[in-house]
Every structure is written in C-alpha cells, then in structure tokens.
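Please read the structure below before turning to the comments.
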C-alpha cells in the first residue's frame, strides 16, 4: 500500500455546525419548512442536491441547484471558522507522511474549503491531493473522485486505501475497486458497513491508525 485517501466530514473532522447553519439558511431563503439539527446531520455525506431532496422530498433539480447556491453562500461565511479536526488527526497525518505514504482527501465539500480548514490547523502541507465537489462531474458514491485522486497521486488502485465514515464512502470504494476501511464517527453503523467490502471498521480514525491501518498490505 502506497497511498491513503480520506473522506473529510466525520472521518478527519467535524463541520456539523457549519453545515447545519448553511442548510437552515438555504431552506429559509427558499421558503422551505425548517429542519432540525439532527435531521440535517443525518444527511452529511450526501451531495447538496441529494441533501435538499432528502430534507424536503422535492425532486426538482432547479430547486436543488438553488439550494446548492444558497448553501455555498452561507458556508463561505461560517464553515472554516466552525470546523474542528478530531483528536490525533494531525499526529496521524504526520506519521503517515513520515512512513512515506501519499495522502489525499476525496470529499463532497469544495476542495478549496477543505484546504482552508486544513490550513487553519497548519495541516495543508500534509496533503498531496484534495478532490472536492467542483472537481468531478459525479460525486460519491460514484467512483470518479477516487479514480481522479489515484491518478493525481501517481499510484495504482490496488495500492490505495480509502477511509470513510459513511456507506456512501464504502459504495464509492467498491465501485472503484479500492480497499476500504470504515470509522464509526459518522452516522453509518458497524452493521451497515458489513454490507460492503471492507478491510476493517474501527471506532475512530485514530484507532484505525493505531492498528496500522488494519494491517492492509
């Protein structure tokens, strides 16, 4: 194994407050019914289009596009300031780089936003590539982002592990033919992960690293 790619939300860090604020703002501006913190939290990991549809039941693409624009408008104000990295993440990334691994992030966030969050914690230089929603035509669970990351990292699919907190991440890895390891810091349960190919499932990304990434070779 030569490369490790991470999801961001609920894998490396938590931006729940920023996401909830941005979603509530977009729904309010569109005259939609207010949704609770927990209702919005359950949609984290979906694309913004799918988030809108899940929250409202409205399948109209034009409305979903409007939600996307309004969400982004508010997120540009609040997301970076409200973001937190999980304990131990910095140490994990430093250790992996020291062991010679290539490191990437594939997320449904904009790449610039993830880079700004990592910059806030002086961690941007620990990443070799970040692929976000603006870099692909199809978001997870489509494998496009993972395949693009592998290409930019200069490694083979079979040399790469994807780490994520959601069944969406597991499905994307399966579609790409890539090894997958799950963490339980999101909303997907251990039982749900068992439906998909996986190397292992650990409570946190720190626990995953402590087991030497499930001893994947």
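Summary of values
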| read-out | value |
| --- | --- |
| Helix 16-29 vs. the chain, principal-axis angle (Cα, 0 to 90°, nearest 10) | 30 degrees |
| Extension gain from residue 151 to residue 97, taking 0.36 nm per residue of separation minus the Cα-Cα distance | 17.6 nm |
| Label point distance in nm, residue 158-residue 198, each placed 7 Å from Cα along Cα→Cβ | 2.5 nm |
| Listed candidates (i) 32; (ii) 20; (iii) 13 - label of the one calculated as percent of Cα pairs over 32 Å apart | (iii) |
| Residue 175 paired with residue 207, simple spin-label distance in nm, labels 7 Å along Cα-to-beta-carbon | 2.8 nm |
| Relative contact order [Cα under 8 Å, 6+ residues apart], the chain, whole percent | 24 percent |
| Length gained when the stretch residue 190-residue 81 is fully extended (0.36 nm per residue, less Cα-Cα span) | 36.1 nm |
| Global form of region 140-217, assessed from the alpha-carbon gyration tensor, a/c cut-off 1.5 | oblate |
| 208, 146 arranged by Cβ crowding within 10 Å, fewest neighbours leading | 208, 146 |
| Inter-centroid distance (Cα atoms) of region 116-160 relative to region 41-114, Å | 13 Å |
| Highest to lowest packing among 131-143, 107-119, scored as the average C-beta count within 10 Å | 107-119, 131-143 |
| Nearest-ten-degree value, helix 167-176 long axis tilted from longest Cα axis of the chain | 60 degrees |
| Nearest-ten-degree value, helix 111-120 long axis tilted from longest Cα axis of the chain | 70 degrees |
| Full-extension gain in nm, residue 62 to residue 37, via 0.36 nm per residue minus C-alpha separation | 6.5 nm |
| The chain - share of DSSP beta bridges that are antiparallel (%, nearest 5) | 10 percent |
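Taken together, the values in this text are just the output of simple stated rules run on the coordinates, not laboratory data. Everything numeric in this text was worked out from a predicted model, so none of it was measured. Here the Cβ is made from the backbone with ideal geometry for all residues, glycine too, and neighbour counts use every protein chain on show.
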